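The structure appears below as structure tokens.
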Amino acid sequence: MQCGPPNAPCGRWGGEKILEALVYLCGFSAIIFVLGIFVFVFKEALPVLTNENFSLSQFLFSSDWYPTSESNKRYGVFAMIAGTVSVTGLAMVIAVPFGLGAAIYLSEFCGQKTRETLKIVIEFLAAVPSVVWGFIGLTVMSKLIVQYTGAPVGVNVLNGGIILALMSVPIIVSISEDALKAVPDSYREAAIALGVTRWQLVWRVLLPAAKQGLLAAVLLGVGRGVGETMAVLMATGHAVHIPHSVLDSVRTLTANIAAELGEAPAGSDHYRVLFLTGVLLFTITFGVNLIADTIVRGIRRK
Amino acid sequence: MNPFPATYRRIFLPVAIAAVLVVLAGCKPKSSGTAGTSGHSRTTIQNKGSDTMVNVAQVWAEDYKQLHPNVDVEVSGGGSGVGIAALIKGTIDMANASRDMKPEEKAQAKRNTGKEPREFVVGYDALAVYVHKDNPLTEVTHEQLADIFAEGGKVTKWSEMGVKMPAGQDEIVRVSRQSSSGTYEFFREHVLNKRDFKLGSRDMNGSKEVVELVASTTSAIGYSGLGYNEPGKVKMLKVSPKTGQPAIEPSVATALSKQYPIARPLLVYTLGEPTGEIKNYIDWILTDAGQQIVERSGYVPVRTGTAKP
């Protein structure tokens, strides 16, 4: 029997084939899953789009969310889009400088021992479950916010933003640290040979060289922020309301799905609109990724 | 030379295959509990629904377990709407609800499972209106509540109610419930007269959370079950059914005498006439022992006089 190179035993070669097929399957499973999820979510949402009581512009631009009204059902998620954007935006305003700063310190300024300790602690920050973050927001942070800002309620954009920032900092730090580490040492040596200071080295050489990786880090942080559910559900106050300041309570798209999908009778308009909200979230993250991809490609071409 | 030595492969391959098999096995639908079958074997009753009732349902389940060790009652909350939705799907045996099942929900359950839902009144609850302990307000009328909570209602500031709050705290912080809650639906139907809620209220996920948020927020007002009162942290307002009529204090006695305007039945729904262990369990809930638990949890028992502690 002939199966493979002449001096290789048959069994070994067969195993190789199976393994290859398995790895191949694993590689493609990601595509299958993403497509499957999208098809399923879209299929559940689709019927409502053709329903005459439903208008897409109302869904996107109205902030009247009355899914269970007895007289006049209205499905407008604009307030929740504003909620998601405000909480994620605030989180990024806090997390990006902190995350990038920490990454620069870790990769360029600190000693071996400090780095190891800090990395362990930062990774621990990533291991805290989101419901625990939410609980901290609800009990500890909300009291502090009421005490120091005089806000009537402590569960608001500020609270959710800080909690989300704490959750996305570990991602931003570890990915941007990798990006900085990936800059070849020859760049550093060349810069130092030219007599630059450490700060100039970071600002003029390393940051431009690691741009792509740093952007990826920030966008992954944004993705985390948009998709996070449990912590923001607990920390933002869950009020359908377009925020006018960081001390207002909001509701995010994800929190709304989590809170309402359980009660919505399967197949009802309410249920389908919640799935449509899922499609909207999908589109937002897809858009973010697409923008990131385009920017990264643009940088590459230069 | 070989980056992937044969010994590794010999171990790795079976492990990988085993892992795939385990994952596939995990996908198989689990067989549900043997609910409803009486006999000596163990029986599990799935019970889900109202957050208002979740505490009392838990005590029922625990006490019943002491008497009948072979019956497990699994209780979970989520809101009346969640329980009713699960009953319609036929995934649970008993739904707890602090509101009536709507006609279309009953029809849907019948269509899905072929069985008509059966309703049992297992107690009553007075819905209390809570404010912060430092709020000087002591009573509120039905109309005022609607003005505060309903869409189009005019009242948004405490000064409009004649209440003087510290500076900057004049805005009324409305604390409400998520829309799957029976308390939410009951309040909408009976206090707002089926009008919608004003948007922008803080919608909490449980009866207890409402009281907790009110306790920590000076300018808040919220509604929750009588059983969730925390004396010293929050204050229950007296409610008058109409402007000009005397305000009634929420209590077990005033709820029983029907003087207190916002009281409601606590309900349990089953699919069809219950049989076997489910029937025994509901019968037990309606005995003195079960009804004493209702009263101890701060609610109103079904029969007057039978459930004196």
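The numbers here are math on the coordinates, done by the rules we state, and not lab data. Model, not experiment: these values are computed from the prediction. Cβ sites come from the backbone with ideal geometry, for glycine too, and all protein chains shown count toward neighbours.
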Each residue of A:259-271 has, on average, a number of other protein chain C-beta atoms within 10 Å of its C-beta equal to 5
Highest mean packing first, using Cβ neighbours within 10 angstrom, the peptides A:263-270, B:49-56 sort as B:49-56, A:263-270
Checked region B:153-265 with the C-alpha gyration tensor, a ≥ b ≥ c its square-rooted eigenvalues, rounded below a/c of 1.5, otherwise prolate if a/b is larger than b/c and oblate if not; verdict rounded
Cβ-Cβ cut-off under 12 Å around residue B:131, Lys and Arg +1, Asp and Glu -1: the net charge is +3
By the Cα gyration tensor axes a ≥ b ≥ c (a/c under 1.5 gives rounded; else a/b larger than b/c gives prolate, otherwise oblate), the shape of region B:87-172 is prolate
Burial-style ranking of B:76-88, A:107-119, A:174-186, average other-beta-carbon count within 10 Å with highest first, yields B:76-88, A:174-186, A:107-119
Applying the gyration tensor rule to the Cα atoms of region B:83-134 (axes a ≥ b ≥ c; rounded if a/c under 1.5, else prolate if a/b exceeds b/c, else oblate), the class is prolate
Within 10 Å of the Cβ of an average residue in B:171-184, the count of other chain Cβ atoms is 3
Mean per-residue count of partner chain Cβ within 10 Å for B:85-92 equals 2
For region A:74-301, the Kirkwood Rh over every pair of distinct alpha carbons, in Å, works out to 19.1 Å
So, over other residues within a Cβ distance under 9 Å of residue A:67, counting Lys, Arg +1 and Asp, Glu -1, the net charge is 0
By Cβ neighbour count within 10 Å, fewest first, B:187, A:38 rank A:38, B:187
Restricting to lysines and to Cα separations under 25 Å from residue A:143, and discarding same-chain partners fewer than 8 apart, the set is B:133, B:157, B:164, B:208, B:233, B:235
Any lysines whose Cα falls less than 29 Å from that of residue A:119, other than same-chain ones fewer than 8 residues away, would be A:181, A:211
